[in-house]
Amino acid sequence: MLRVFHFPPQFQKWILGGLTSTWFSIKINGDVTGFFQGGSGLRQGDPLSPFIFVMSMEILSRLLRGIHKQAQVSYHPKCGRLGLNHLIFADDLMIFSRGDLPSVTAVTNTLSKFAKVSGLQANPDKN
């Protein structure tokens, strides 16, 4: 993702380092006590989290626009004139397409492809 957006190699190294190798120490009664390794990935409240999420959604947006450009998906009847196929706000995503089989299949395949490369997937329990 960082290469796609042409971030400098040093910046890529910093971000990937923060995502793949985490170490923690604990301060007890004013004294720092040892280091222990944490799991990889972002932790809740990490200041990089919104930045990484926005970049991920940009990749998803490009994929969704791409299936329309390749004529795999027909626009929803109310969205075609606007060229609108999706909206993203905070952590919500709405996808608009015609309900025919080729359109739904293309959108589903695109979401599966995105899930494989990003690790992010739609929550099937959300309406």
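The values are calculated or read from the model by the stated rules, or taken from the named source; none is laboratory data. Given the structure is predicted, the values throughout are model-derived calculations rather than measurements. Note that each Cβ is placed from the backbone with ideal geometry, even for glycine, and that neighbours are counted across all protein chains shown. Heads up: the accessible areas ignore ligands, DNA and RNA and are worked out on the full protein's heavy atoms, side chains in. Shrake-Rupley method; radii C 1.70, N 1.55, O 1.52, S 1.80 Å.
Please indicate, with yes or no, whether at least one residue in region 21-43 is open to solvent by 80 Å² or more (accessible area, probe 1.4 Å) and in contact (Cβ under 8 Å) with a residue 24 or more places away in the chain. For region 21-43, residues open to solvent by 80 Å² or more (accessible area, probe 1.4 Å) and in contact (Cβ under 8 Å) with a residue 24 or more places away in the chain: absent. Yes or no: SER74 over 30 Å from PHE11 (Cβ atoms) and in contact with an Asp or Glu (Cβ under 8 Å, 6 or more places away or on another chain)? Yes; evaluated as a whole, the condition is true for this residue. Filtering region 115-127 to residues that are assigned to a helix (DSSP H, G or I) and open to solvent by 80 Å² or more (accessible area, probe 1.4 Å) leaves LYS116, VAL117.
Looking across region 58-114, the residues that are among the aromatic types (Phe, Trp, Tyr) and under 18 Å from the mean Cα position of the chain (by Cα) come down to PHE89, PHE114. Taking the criterion of being hydrophobic (A, V, I, L, M, F, W, C) and modelled with pLDDT under 70, the only residue of region 30-55 that qualifies is LEU42. Restricting attention to region 76-114 and to residues that are surrounded by 12 or more Cβ atoms within 10 Å (Cβ to Cβ) and assigned to a loop (DSSP other than H, G, I, E, B), the residue that is modelled with the lowest pLDDT turns out to be GLY80.
Scanning region 49-75 for residues that are open to solvent by less than 30 Å² (accessible area, probe 1.4 Å) and part of a helix (DSSP H, G or I) yields ILE52, MET55, SER56, MET57, LEU60, SER61, LEU64, GLY66, ILE67, HIS68.
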